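What follows is a short report on a single structure.
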Amino acid sequence: MEDIKVLRRDFHKIAEPGWMEVQTTIKIIKYLKDLGFDLLYGKKIHGQRLGLGDKSLLDAYVKSLDLGDIDFDISEILQGYTGCVGIFDTGRPGPVTGLRADIDALNFEESKDKNHRPNKEDFRSQNSFAVHACGHDGHIAIALNTCQKIVETKDLLCGKFVVIFQPAEEGVRGGLSMKDLDLLNNLDYILAGHLGMGLKSGVLGVGTEKILASQSYDIDLFGRAAHAGMAPEEGRSAILGAAALTLGLHSLCQYKNASRVNVGVLSGGTGRNVVAPRASMKVEIRADNNDDIEDLAKRLKAMVDGTAKAYELTYDLRPVGYSQSFSTKYPDFVDQCGTYLKARGFKVLLRPEFNASEDVSIFLNKVEENGGRAIHFIFGSDLKAGHHKESFDFDEGTLSMAVDVYVAMIEKLNSLNFRLETI
Ligand SMILES: [Zn+2]
Ligand SMILES: [Zn+2]
């Protein structure tokens, strides 16, 4: 218990937002190398990286770090190709089991309240621009501790283990970037989980359902400035276009199943007496199935194009986040896992609904599409404040519970000796 708590706190201290998880990635790689894992990292594990931050911010941050002696090539990590994949081969034939953890923090400052435990017990985020307010520091510690358990019990295990440390989950960006990794096609199983998410300490959600698909876009609209009193006819207002677009986009949710649109940020204009030459919007759409989200995305693009035409504006529309929906294709497998884990003494809640987005869905779908089996857990944890709040904190007892779940699952899956090519 102590080890894993210390590990979590170490990662909490070096909180880094998506595509900036430089220290975090290096620390994970060092840990896994010491355990004897093979590592993949840098450009070779990435494809399309959406929603990159400002390059000058990353460069200034990297410059400010004192990374000490590192005996492997970190040049691509320092360019923002963060995250890594650890591979451990027991040397015996058996299934290939994947495990996925997300590693990024959120882009805001941690609470300064002196009663906030990271402040009280001296593990506050050292970066004023980032805080682990979703529990991903816990996810890293859980995954690394599970890796340690795999190595400690390697003589009893068979097959291979592929442990994915995914960057930039917040804003659903990193999953897409790792989607086409070849080795994902070889996974017989994948395990993943999120702590907290509304379940109390001690409760284990098995086989999370209804993870929503999500796509995010940044939209800039460009009009023409003019004197608002003397010559309004010469102007083309980007704000009018953006306002019409906000109402239009919110009217698109006509689907039988769950779907959502949100214009979360809207800004524009240069002065009270100027026809606004420019407006910007941050928009997201969600749906509980992949057909509806694709339809919604198509109509969003058509509406941006049509509205821009109507108001004689030009525009720039950039995708900045992408994730899929997930509900298992193999409910029997989830039921079997639930029954097994209940027998192992866990307080199981079968198939909890997520009703939010998480790009773990990309990995879960990929493994199921290839005929493998995927399972997502919710590790119940009493929270001091909700996810994404500045004083978010979780019950650290959850960490060892989650490792116990993964270890129990690995034992079970190893004993099934299920291989993709056999089904
Ligand atoms: Zn989050
Ligand atoms: Zn999260």
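The values are calculated or read from the model by the stated rules, or taken from the named source; none is laboratory data. Quantities reported herein were computed from a predicted structural model and do not represent experimental measurements. When we count neighbours, we look across all protein chains shown, and the Cβ atoms used for this are built from the backbone with ideal geometry, even at glycine. Quick note on the areas: whole protein, heavy atoms, side chains included, nothing else; ligands and nucleic acids left out. Shrake-Rupley method; radii C 1.70, N 1.55, O 1.52, S 1.80 Å.
List of remarks:
- Each Cα pair under 8 Å and six or more residues apart adds its separation to the average, and for the stretch 1-84 the resulting relative contact order is 43 percent.
- Reference-scaled alpha-carbon Rg (2.2 N^0.38 Å with N residues) for the stretch 197-348: 1.49
- Only one residue of HIS250, GLY175, TYR406 has its Cα farthest out toward the positive end of the dipole of the chain, where Lys and Arg carry +1 and Asp and Glu -1 on Cβ, and that residue is HIS250.
- Under 16 Å from the ASN290 label point (7 Å along Cα→beta-carbon), backbone N, the stretch 205-237: 210-215
- The chain: calculated mean residue ellipticity at 222 nm from DSSP helix runs of at least 4, using -39500 (n - 2.57): -10500 deg cm²/dmol
- Compactness ratio for the stretch 46-163: Cα radius of gyration over 2.2 N^0.38 Å (N = residue count) comes to 1.33.
- Cα gyration tensor, the stretch 279-423 - rounded (a/c under 1.5), prolate or oblate: oblate
- Listed residue pairs exceeding 22 Å between alpha carbons, taken from LYS27/LYS63; LYS30/LYS154; LYS160/LYS329: LYS160/LYS329
- Extension gain, GLU233 to LEU57: 0.36 nm times the residue separation minus the Cα-Cα distance gives 59.3 nm.
- R0 of 25 Å, Cβ-Cβ distance ASN355-LEU247: FRET efficiency to nearest 0.05: 0.50
- Each of SER251, SER361, SER391 has its accessible area taken with a 1.4 Å probe; listed largest first, they run SER251, SER391, SER361.
- For the chain, the longest principal axis of the C-alpha atoms and the axis of helix 290-310 are separated by about 20°.
- Listed pairs LYS43/LYS179; LYS120/LYS342; LYS33/LYS120 exceeding 25 Å between Cα atoms: LYS120/LYS342; LYS33/LYS120
- Between TYR255 and SER64, residue separation times 0.36 nm minus the direct Cα-Cα distance comes to 63.9 nm.
- For the chain, the alpha-carbon radius of gyration amounts to 1.05 times the rule-of-thumb value 2.2 N^0.38 Å expected for a compact globular protein.
- Distance (nanometres) between label positions extended 7 Å along Cα→Cβ at SER415 and LYS347: 2.5
- Selection from GLY68, PRO95, GLY338, by position along the positive dipole direction of the chain (Cβ): GLY338
- The chain, relative contact order [Cα under 8 Å, separation at least 6], %: 23
- DSSP-defined antiparallel bridges as percent of all bridges, the chain, nearest 5: 65
- Segment GLU369-ALA310, length gained on full extension (0.36 nm per residue, minus Cα span): 17.0 nm
- Cα-centred dipole magnitude for the chain, charges only on beta-carbon of K, R (+1) and D, E (-1), debye, nearest 20: 620
- Between helix 238-250 and the chain there is an angle of about 50 degrees, using the helix long axis and the longest principal axis of the Cα atoms.
- In a reduced charge model with +1 at each Lys and Arg Cβ and -1 at each Asp and Glu Cβ, the stretch 96-216 shows a dipole moment near 240 debye about its Cα centre.
- Principal-axis tilt of helix 397-416 within the chain, Cα atoms, nearest 10 degrees: 70
- Alpha-carbon centroid distance for the pair the stretch 233-265 / the stretch 310-364, whole angstrom: 27
- Heavy-atom accessible area ranking, 1.4 Å probe, most first, across LEU300, LEU57, LEU67: LEU57, LEU67, LEU300
- Phi angles across the stretch 82-97 convert, under the Karplus curve 6.51 cos²θ - 1.76 cosθ + 1.60 with θ = phi - 60°, into 3J(HN,Hα) values of 8, x, 6, 10, x, 10, 10, 10, 6, x, 10, x, x, x, 9, 10 Hz, Gly and Pro given as x.
- Rolling a 1.4 Å probe over the protein heavy atoms leaves ARG236 with an accessible area of roughly 70 Å².
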